[in-house]
Amino acid sequence: MVLEGNPDVGSPRTSDLQHPGSKGSCILSSPGEEAPPGEEPVKYGELIVLGYNGCLASGDKGRRRSRLALSRRPHANGVKPDVMHHISTPLVSKIGRSTENMIDFVVTDTSPGGGATEGPSAQSTISRYACRILCDRRPPYTARIYAAGFDASSNIFLGERAAKWRTPDGLMDGLTTNGVLVMHPAGGFSEDSAPGVWREISVCGNVYTLRDSRSAQQRGKLVENESNVLQDGSLIDLCGATLLWRTPAGLLRAPTLKQLEAQRQEANAARPQCPVGLSTLAFPSPARGRTAPDKQQPWVYVRCGHVHGYHGWGCRRERGPQERECPLCRLVGPYVPLWLGQEAGLCLDPGPPSHAFAPCGHVCSEKTARYWAQTPLPHGTHAFHAACPFCGAWLTGEHGCVRLIFQGPLD
């Protein structure tokens, strides 16, 4: 599997998501298999990191990017269990640097308060070799996820505090210290989707119920009727970053960037006006990036959904710095600028941008907003909280999103 944007990858069929940390204790080998010559590259799917809205703040570069396509490598190197060792001093082994060739995709912690941090975090909870994805080289190109990844010596090390055990068939299995959690949506990732149940994936790909806390040494119960096969819309949580898996078929149903741009231009062509200042509002071009709002930027009262231009009317600072009273309905709540969601892969349908997440103000279709607003994402050791998929901000209010109410031009 070749991950786009990294020409130096050397670990076929295995995608290792990496973050600096420490691990130690189970070893597997990785034999290879030749791919049929002359075949066109096959795309297995894409991984999208929640919270970046289409691009890292510093730009997508090499193995650090917000979205990565997984394609078939020229040569396969699927893995199978081999020799197992117990190591008393795991730090002797040279492991865990993002410059190693077997690392295909580097992720960093996403701030739950909104936005994402791209630099290393002293409090990072993501495992050094967080997980790996194995894809069948023949149709239907099934993708499976496993906890932990291989180092330069084709070894897997689990930390001293990580849960590990011997299986009935004599193999070693285990969990990373803070776990790799997966949630498959009910009904697929479509207009009829509903959140599924979060499970934990082991090193050997077995499915377990969640531990009492994220780093507890006692594993959950084995779920025998579920598998580690990724589906369109599967969420992967690495305890610090959450990724969305999209299949090629699923991406065909998602809106394209051209469609999102056409929707922006259509919304601006309707010439929505501020009910107070009577000025014409317009969503800014994505090329501007998320800089300071301009004078035509739409703003919204997130409790009621009434859209205005920026003004200083109705401040209620005794309730908070962003609290304003809507001049149309008198409801008091956060007053924030609206930003269009630009990561098309996070959208369930190509519907018009009619709803905004509260309190961040990111705009998307109604079905997309309602799906993410009812999807609990893991946070900390045992908490779950719905968040905006475009910026990572925790959602607030009764519904987590609001229908936008625009006023048309008076003429």
HN-Hα J in Hz across region 255-263 - Karplus 6.51, -1.76, 1.60, θ = phi - 60°, x for Gly and Pro: x, 8, 4, 5, 5, 4, 5, 4, 5
If you roll a 1.4 angstrom probe over the protein chains with everything in place, what fraction of the accessible area of region 147-198 belongs to carbon and sulfur, to the nearest %? 48 percent
If you roll a 1.4 Å probe over the heavy atoms of the protein chains, what accessible area per residue do you get for region 211-289, in Å²? 51 Å²
When the chain is fully extended, how far beyond the present Cα-Cα distance does residue 296 get from residue 332, taking 0.36 nm per residue of separation? 10.7 nm
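Starting with the highest mean, order 366-374, 257-265 by the number of other Cβ atoms within 10 Å, averaged over the residues of each peptide.
366-374, 257-265
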For region 179-185, in residue order, the Karplus 3J(HN,Hα) values (coefficients 6.51, -1.76, 1.60; θ = phi - 60°; whole Hz; Gly and Pro = x) are x, 10, 9, 9, 10, 9, x
Relative contact order (percent, whole number), region 190-257, Cα cutoff 8 Å, 6+ residue spacing: 18 percent
Quick one: accessible area per residue over region 361-411, 1.4 Å probe, rounded to a whole number of Å²? 46 Å²
Leaving out ligands, DNA and RNA, and with a 1.4 Å probe, what % of the accessible surface on region 229-384 is carbon or sulfur? 56 percent
If amide hydrogens are placed 1.01 Å from N in the peptide plane, which non-local residues have theirs closer than 5 Å to the one on residue 281? 273, 274
By per-residue mean of other Cβ atoms within 10 Å, what is the highest-first order of 160-171, 323-334? 323-334, 160-171
Region 208-284 versus region 354-406: alpha-carbon centroid distance in Å: 10 Å
Separation of the residue 385 and residue 161 label points, Cα + 7 Å toward Cβ, nm: 2.2 nm
Please list, in chain and number order, the residues 5+ apart from residue 340 or on another chain whose amide H is under 5 Å from its amide H, with Hs placed from the backbone. 363
Highest average packing first - 386-392, 398-404, Cβ atoms within 10 Å: 386-392, 398-404
One finds, for residue 266 and residue 197 with R0 = 30 angstrom and r their Cβ-Cβ distance, a FRET efficiency to the nearest 0.05 of 0.20
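The values are calculated or read from the model by the stated rules, or taken from the named source; none is laboratory data. These figures come from a predicted structure and were not determined experimentally. Cβ coordinates were reconstructed from backbone atoms using ideal geometry, including for glycine residues, and neighbour counts include every protein chain displayed. Calculation scope for accessible area: heavy atoms of the full protein, side chains included, ligands and nucleic acids excluded. Shrake-Rupley method; radii C 1.70, N 1.55, O 1.52, S 1.80 Å.
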